[in-house]
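Here the structure is laid out as structure tokens; the discussion comes afterwards.
The values are calculated or read from the model by the stated rules, or taken from the named source; none is laboratory data. Please read all numbers here as calculations on a predicted model, not as lab measurements. Because the Cβ atoms are built from the backbone with ideal geometry, glycine has one as well, and the counts that use them run over all protein chains shown.
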Amino acid sequence: MKATYKKYILNFKQASGTSRGILKTKETFFLKIENDSSVGIGECGLFRGLSIDDRSDYEEKLNWLCKNIELNEDVLLNELIEFPSIQFGLEQALLSLKSNDSFELFPSNFTKSRDKISINGLIWMGSETFMKKQISEKIQAGFSTLKMKIGAIDFETEIFLLKSIRNNFSSTDLALRVDANGAFSPGHALEKLKRLSDFEIHSIEQPIKQGQMNEMADLCEKTPLPIALDEELIGIFDVTKKEKLLQIINPQFIILKPSLVGGFKGSEEWIKIANKKKIGWWITSALESNIGLNAIAQWTYSLGNKMPQGLGTGSLFTNNFESPLEVLNGSLFYNNNLKWNIDL
């Protein structure tokens, strides 16, 4: 068995704004495993500035994995515990290697083009005009749930945008999620959540920066609208620590990005704990290419969660790979009439 990796730079069609800054490119790595005539491919979706494994020894660890690929999978995953995106790439590549079709990792009605996954439409930060344009386009495209990035432009402008949406669409017709990416200060967060609750918001992701456990717990207890933890889950590897975090904060939801929390295995640990504590959850991609997105989508479908998922990121890049993934009427489809076109 032989393993190699390759770095790849994804280019955004248009610069995309978050509260952390403007994204123009996204670095990622592809892991290829070969065994006789079989080939498996997986994506190690490193997210600079966000991933816990954004470290100087990242490629050193990838090299180590390639040299030791014949070790037992559990041994490898344990050795990679501090490199969740590499764990995720390894899980994909091994599933791909064992599959009759390199890209059908979790055979289902989804991969047979018989069913779909409901997803939210993503509204990036930008000028009021730019955000209005995106909102209009997503609604016309048939999305019934929108996720709006907030926290980078003036809060009053964001309130105005939400008000204009609600003037035209009730919460029955259109669900609104907002994502602050930790932009609010603990001292002002509750006041802002109260204002946002006027617009019947489905949930807000990460209102304050991660690592402020007591402040977040207080916010989740007093909040007038559901809070979803996102960045808060990054870098928590131990199951006992995962249980402790959800026990103390007790959020209404958690959001799982496999590239950031340890792939399928790490995500399923969070899901098991959340289910036990009656905490809701959904899955989101982390700006992977269609290779990683495909793996996340197939796995997500296998979980049976009917909430809209955050899997609509495949069309963001100019140099993504052609794939059967297709977004239609606010849902993600696997169109078997479309073929993969990958040159790595």
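Tabulated data
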{"quantity": "Only listed residue being buried (at least 24 other Cβ atoms within 10 Å of the Cβ) and either of a type outside the set (Phe, Trp, Tyr) or over 28 Å from Tyr8 (Cα atoms) (or both), chosen from Ile255, Ile234, Ile279, Ile249", "calculated": "Ile255"}
{"quantity": "Any chance Asn109 is of a type outside the set (A, V, I, L, M, F, W, C), at pLDDT 90 or above and within 18 Å of the chain's Cα centre (by Cα)", "calculated": "no"}
{"quantity": "Where a residue in the stretch 186-215 is crowded, with 20+ Cβ neighbours inside 10 Å and its partner, wherever it lies, is of a type in the set (Phe, Trp, Tyr), with Cβ under 8 Å and at least six apart", "calculated": "Lys192/Phe155; Lys192/Phe184; Ser203/Phe253; Pro207/Phe184; Ile208/Phe184"}
{"quantity": "Residues located in the stretch 78-93, provided they are surrounded by fewer than 19 Cβ atoms within 10 Å (Cβ to Cβ) and closer than 23 Å to Leu293 by Cα", "calculated": "Ile81, Glu82"}
{"quantity": "Where Gly310 falls short, out of the listed (1) modelled with pLDDT of 95 or more; (2) surrounded by 19 or more Cβ atoms within 10 Å (Cβ to Cβ); (3) in contact with a strand residue (DSSP E or B) (Cβ under 6 Å, 6 or more places away or on another chain); (4) within 17 Å of Thr111 (Cα to Cα)", "calculated": "(4)"}
{"quantity": "Residue list for the stretch 277-310, restricted to those being under 23 Å from Leu245 (Cβ atoms) and charged (D, E, K, R)", "calculated": "Lys277, Lys278"}
{"quantity": "Pairs where the first residue, in the stretch 269-288, is in the same structural domain as Ile204 (by TED's automatic domain parsing) and the second is among the small types (Gly, Ala, Ser), C-beta under 6 Å, 6+ apart", "calculated": "Trp281/Ala274; Thr284/Gly310; Ala286/Gly45; Ala286/Ser259; Glu288/Gly45"}
{"quantity": "Thr240 being among the polar types (S, T, N, Q) and surrounded by fewer than 21 Cβ atoms within 10 Å (Cβ to Cβ)", "calculated": "yes"}
